[in-house]
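Step one of this worksheet: look at the structure below.
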Protein chains: 2
Amino acid sequence: MNVDGHDTAVTDKAGLEVLTREECLRLLAQAPIGRIVFTDHALPAVQPVNFTMLGTDIVIRTSPESKLAQATRDTVVAFEVDDYDEEARTGWSVMVVGVGHAVEDPEERSLLETLPLDTWAPGPRSHYIRIMTDIVTGRRIPEHS
Amino acid sequence: MNVDGHDTAVTDKAGLEVLTREECLRLLAQAPIGRIVFTDHALPAVQPVNFTMLGTDIVIRTSPESKLAQATRDTVVAFEVDDYDEEARTGWSVMVVGVGHAVEDPEERSLLETLPLDTWAPGPRSHYIRIMTDIVTGRRIPEHS
């Protein structure tokens, strides 16, 4: 992980570098895997998914019968990506909080079908979830001096 | 990632291999970073943390003033670890759902202070959170044939 030559890094009270929205969206666009946080039978749940971006929206494919599909319709969800270097003990994370939206409009669906989004898990994945990046925050552990 | 020579892999309806509780706990104990899911001002939140295990409990250190410390006192939280191989498009994930507990008993605290748990983030981290692994589930994406 590189610090990418920040000139004016802002740190939070825990000493972590605060990432800008632009940097968060850039890191989000490069991450192969994210973790979606939702509620399953009134309990917190978190599931890794591969995903892609359409503009600043997160796009996920899943099975229409999946828990994830059922639990993310017009509901606020969180989404997280990160990358860590265990040896250097550095890393960054980005969290999105936004409304999940089940894609049902045929035109919107056709557009999403053109995206490079093959799911890693086996089986049919005909349901699209789109998450608006309403709140985007990110932190980086500074390199140890 | 290796498939570790499973003889009798059970798969879920999505085609993912279902991991046993024992295997989940083994993977949990080896993961350097996990992601804790909690509620922050009525919104879902997720934060990566380094951690260790005490028996089957997850132990995290943080600052007593942190959001995480405030949001995990006697509350149900989720905790996730995973590992993915982007090239092979395989990977596994383990999710724990359990009660988070702020460690206040001096004896319990002394015990936790003996654990190998240096936090990666800078600053003092005098608050310990202990999470019971009440519900443990895990899935693995099978190797593509």
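The values are calculated or read from the model by the stated rules, or taken from the named source; none is laboratory data. In this text the structure is predicted, and so the values were computed from the model without any measurement. Here the Cβ is made from the backbone with ideal geometry for all residues, glycine too, and neighbour counts use every protein chain on show.
Before moving on, here are some points about what is shown:
- For segment B:76-97, the candidate set comprises residues that are among the small types (Gly, Ala, Ser) and under 13 Å from the mean Cα position of the chain (by Cα); within that set, the residue that is surrounded by the fewest Cβ atoms within 10 Å (Cβ to Cβ) is B:SER93.
- Scanning segment B:90-145 for residues that are without any contact (Cβ under 8 Å) to a residue 60 or more places away in the chain, away from chain A (no Cβ under 14 Å) and closer than 24 Å to B:THR39 by Cα returns B:HIS101, B:ALA102, B:VAL103, B:GLU104.
- Conditions (1) at pLDDT 95 or above; (2) more than 10 Å from chain B (Cβ to nearest Cβ); (3) under 20 Å from B:ALA14 (Cα atoms); number of the one not met by A:VAL46: (2)
- Among the residues of segment B:34-43, just one is farther than 13 Å from B:MET95 by Cα and within 7 Å of another protein chain (Cβ to nearest Cβ), namely B:LEU43.
- Filtering segment A:64-75 to residues that are in contact with a Phe, Trp or Tyr (Cβ under 9 Å, 6 or more places away or on another chain) and within 9 Å of chain B (Cβ to nearest Cβ) leaves nothing.
- Top-ranked residue in segment B:49-61 [being touching a Ser or Thr at 6+ places or on another chain (Cβ under 9 Å) and within 16 Å of A:ILE141 (Cβ to Cβ); ranked as farthest from the other protein chains (Cβ to nearest Cβ)]: B:ILE60
- The listed residues are A:THR11, A:THR56, A:THR72, and the only one of them that is modelled with pLDDT under 95 and over 29 Å from B:PRO64 (Cβ atoms) turns out to be A:THR72.
- Residue identified as surrounded by 15 or more Cβ atoms within 10 Å (Cβ to Cβ) and either touching a helix residue (DSSP H, G or I) at 6+ places or on another chain (Cβ under 7 Å) or among the charged types (D, E, K, R) (or both) among A:ARG35, A:ARG73: A:ARG35
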